[in-house]
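Heads up, the thing below is written out as structure tokens.
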Amino acid sequence: MRLRILPYGVLVAGCVFAIFPYFLTVLTAFKGPGQLSQTLPWEPGLPPSVAAFDRLFASGFGGYLVNTVLVTAGITAGQVVFAVLAAYSFARLSFPGRDALFWVYLSTLMVPPVVTMIPLYLMMQKLGLVDTWAGLMLPTMLGTPYAIFLLRQFFRSIPADLEDAARIDGAGRVRTLVSIVLPLSKPILVTVTTLAVVANWNSFLWPLIITSSEDKRLLSVGIALFKSEIGVDYNAVMAGSLIALVPLLVLFVVFQRFIVRSVAVTGLK
Amino acid sequence: MSQKLSRRTFLIGAGSALALAGCGSSNDGASSGGGGGKVELVYRLWDEQQEVGYKAVFAAFTAENPNITVRMEVLPWDQYWTKLTTELAGGKAPDVFWLTVENFPDLAGKGVLAPLDDVISKAGLTLDSYHPNVVQSYKFEDKQLGMPKDLGIVGLLYNKDLFAKAGVTMPAELTWAPDGSGSFMDLARKLTVGDKQWGFCSWNHSQTQWLNWIASNGGHAMDKPYGTFDFAGQKSIEAMQWARDLIFKWHLSPDGTRTNPPTGQATEMFYRGEVAMFPANNALLPFALPEVKFPIGVAAMPSGPSGRTVVINGLAEVMFAKTKHPDEAGKLVAFLGSEKAQKLMGDAGYVIPALNDAGAGYTAYWKKKGIDVQPFLDSAAGSTVNMPIAEGWTAKVAEINKAMNDLYLDKPEVAAIAATMDKIGNDK
């Protein structure tokens, strides 16, 4: 009995620790004017107020939300499609320098994005893409090393015999990929998609640098606007964070099973 | 078993990727002129509240200059500088944008800010009409690189409820001295209740705290703009020691374990009614008002052994040296410096205009909200001192402010802290 209490105790403590920031987010988002400084952080503001949400939407937050959904969907779709094609090539096609190319590409994971930001900005400027949707989306739309790595490892673990059988039945490369490989790769595809959605949804620095007009502004930048030189409107920041959080939460709850499974599966060789 | 990727397939792929990259519209972003001689200028700022005010200003500007429209870009305060730096590395920037005293030195020497002397004289304006400290802050090698916009001035906010409860009133003049004498400390004593309520909050904030004490004690943080730091001078050390004594010797203020940045707790304590008197920049008022449950009073800062000298922190609008529309941007800058534009912003209660004698509307606005802000304006008209600036300042100022955290803890010696700060500031 004691042995069971201890691990559960640790798990519950860990849970509380992990949930606490979100708990504070919810409480702070619903505090009205003056309640933030008059109450303790973990004390609810009574009566609850939606004033922060009013300020948020008065600042054009609804439009930013729509932009973020569209941009996230666009970039994610691009990343998944191109990553599948690239990963399959790295896993199954043979061409000169394939593995070298793969490792070189993978090594770009080690370069922090901050380092490439200014050169990337200059490239976009030369292409005339500053403050355009294309400039916002293209640099990351053509796949990411991490997604390609995950997919390649998974594709390699699929028995080649299955693909050979398809080939004997007359399927070409594309048909094999679409009809045999992809259906077997659902868990990893869900994982890669989820990771892409989360990364693009939260993306901040690049959208900030490359876009300027308000009609192309994203959520993350819209929330940061409530942090001014003099002070921070914590209520509005938390209200915005709460709204930004909900879609990710839904995504995780729906696909949780797949995500856990794919991480477990990729561990096997 | 596998096909080779032919060179031709590869080239087709690469070609289509490039074609895709070329798809975006080639809008240059920074400034785009439409047809028919119409010009759109980009004006960048970081304050969402003031954005509302500037809509009226730019409507008035376009009424006078029908061919020029202004598009505002509001950015978050922290990221304003990240984005500006990246853009300047790419050789572009908004046509006209805001600048602070702290960030001025990093840009002034790089040739990215257009000299405004011609713009100012051509528009029939004269720099003598603006607050001299704000004018001085944006001067570099005898060229005026910034149009004085507004000024932030430090005053003493106080909690009128706590004053009433203690049965005291705010006198017209408060005094302090390093030895602990003066009416300011007597008042703070009456407003301190055990360790629940503090008469004052002595905390690490350069603009509203220690720079004022140093100046009012007859010392100086720096001998001249881009000069030498002198925190270790005797007058400076006395003033810093006094700031520490308020906490540890006379127990009139919470200590640095609670108030040291980056917590932001000092301001919160005033909002909660735990601190009776709290020095602040006038720009804090719009943020403080919705957060407090007591009436706020405003008084002038206490005057020290060499009188009252208050820190002033002015903003300026600057013009990008390589703007595509120098004539139009010049007209905009001149308009922003005009009485009409400055009064529009002042009358709506956003800022105290940098233009002399244009603050009446600001006072009237806050009077309607029940706050007499005249002490702020009087202080601005009295003896004022600029925040120090030096080459590479944005990196140094963060280090200096961090070193000052120790003053509000009971160690080490004040002289040692001052020496550290001088070293950071004077190192090349």
Original post:
Of B:Asp179, B:Asp186, which residue is assigned to a loop (DSSP other than H, G, I, E, B), free of Cβ contacts under 8 Å to residues at least 24 places away in the same chain and open to solvent by 50 Å² or more (accessible area, probe 1.4 Å)?
Top reply: B:Asp179
Original post:
Across segment A:179-192, what is the total count of residues that are under 11 Å from A:Leu151 (Cβ atoms) and open to solvent by 20 Å² or more (accessible area, probe 1.4 Å)?
Top reply: 2
Original post:
Taking the condition farther than 22 Å from B:Pro375 by Cβ, open to solvent by less than 10 Å² (accessible area, probe 1.4 Å) and over 21 Å from the mean Cα position of the chain (by Cα), does B:Phe231 pass?
Top reply: yes
Original post:
Which strands (runs of 3 or more DSSP E) does segment B:27-134 wholly contain that include 2 or more residues that are at pLDDT 95 or above and open to solvent by less than 20 Å² (accessible area, probe 1.4 Å)?
Top reply: B:39-45, B:96-99
Subject >> Top-ranked residue of segment A:111-168 - restricted to ones that are outside any loop (DSSP other than H, G, I, E, B), small (Gly, Ala, Ser) and out of contact with any Gly (no Cβ under 7 Å at 6 or more places or on another chain), ranked as nearest to the other protein chains (Cβ to nearest Cβ) >> reply: A:Ala160
Original post:
Do you know which residues across segment A:28-56 are open to solvent by less than 100 Å² (accessible area, probe 1.4 Å) and of a type in the set (Phe, Trp, Tyr)?
Top reply: A:Phe30, A:Phe53
Original post:
What is the one condition in (1) at pLDDT below 95; (2) crowded, with 16+ Cβ neighbours inside 10 Å that A:Pro113 does not satisfy?
Top reply: (2)
**OP:** Would you mind telling me which numbered condition in (1) in a strand (DSSP E or B); (2) outside the structural domain of B:Lys293 (by TED's automatic domain parsing) B:Trp198 fails?
**Re:** (2)
Subject >> segment A:220-231, residues that are among the β-branched types (Val, Ile, Thr) and facing chain B (nearest Cβ under 8 Å) >> reply: A:Val221, A:Ile230
Original post:
If B:Ala266 passes every condition in (1) of a type outside the set (Val, Ile, Thr); (2) modelled with pLDDT of 95 or more; (3) surrounded by 17 or more Cβ atoms within 10 Å (Cβ to Cβ) but one, which one does it miss?
Top reply: (2)
**OP:** Mind listing whichever residues of segment A:207-240 are surrounded by fewer than 21 Cβ atoms within 10 Å (Cβ to Cβ) and among the hydrophobic types (A, V, I, L, M, F, W, C)?
**Re:** A:Ala224, A:Ile230, A:Val232, A:Val237
Subject >> Only one of A:Ala165, A:Ala147, A:Ala171, A:Ala134 that is under 30 Å from A:Leu205 (Cα atoms) and without any contact (Cβ under 8 Å) to a residue 12 or more places away in the chain >> reply: A:Ala134
Subject >> Scope segment B:345-357; condition part of a loop (DSSP other than H, G, I, E, B) and either touching a residue at least 40 places away in the same chain (Cβ under 8 Å) or touching a strand residue (DSSP E or B) at 6+ places or on another chain (Cβ under 9 Å) (or both); matching residues >> reply: B:Ala348, B:Gly349, B:Tyr350, B:Val351, B:Ala354, B:Asn356
**OP:** Identify, from the list A:Leu225, A:Leu218, A:Leu182, the residue that is in the same structural domain as A:Ala83 (by TED's automatic domain parsing), on the phi < 0 side of the Ramachandran plot and modelled with pLDDT under 90.
**Re:** A:Leu225
Subject >> Candidates A:Thr72, A:Thr25, filtered to the one that is of a type in the set (S, T, N, Q), modelled with pLDDT of 90 or more, surrounded by 15 or more Cβ atoms within 10 Å (Cβ to Cβ) and within 30 Å of A:Leu182 (Cα to Cα) >> reply: A:Thr72
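Just the residues that are at the interface with chain B (Cβ under 10 Å from one of its Cβ atoms) and in contact (Cβ under 8 Å) with a residue 60 or more places away in the chain, please, taken from segment A:199-219. Can you show your working first?
Here is the first cut: in segment A:199-219, the residues at the interface with chain B (Cβ under 10 Å from one of its Cβ atoms) are A:204-205, A:208-214, A:217.
Residues satisfying the conditions are A:Leu205, A:Ile209, A:Ile210, A:Thr211, A:Ser212, A:Ser213, A:Glu214, A:Arg217.
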Original post:
Restricting to segment A:232-250, what's the tally of residues that are polar (S, T, N, Q) and at the interface with another protein chain (Cβ under 9 Å from one of its Cβ atoms)?
Top reply: 0
Original post:
Name the pairs whose Cβ atoms lie under 6 Å apart, with the first residue in segment B:153-168 and assigned to a helix (DSSP H, G or I), the second surrounded by 24 or more Cβ atoms within 10 Å (Cβ to Cβ), and 6 or more positions between them or separate chains?
Top reply: B:Leu162/B:Ala276
Subject >> Residues of segment B:138-161 satisfying the condition of being under 20 Å from B:Phe335 (Cα atoms) and surrounded by 19 or more Cβ atoms within 10 Å (Cβ to Cβ) >> reply: B:Tyr138, B:Gln144, B:Leu145, B:Gly146, B:Met147, B:Pro148, B:Lys149, B:Asp150, B:Leu151
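The values are calculated or read from the model by the stated rules, or taken from the named source; none is laboratory data. Since the model is a prediction, treat every value here as computed from it, not as a measurement. Note that each Cβ is placed from the backbone with ideal geometry, even for glycine, and that neighbours are counted across all protein chains shown. All accessible areas refer to the heavy atoms of the entire protein, side chains included, with ligands and DNA or RNA removed. Shrake-Rupley method; radii C 1.70, N 1.55, O 1.52, S 1.80 Å.
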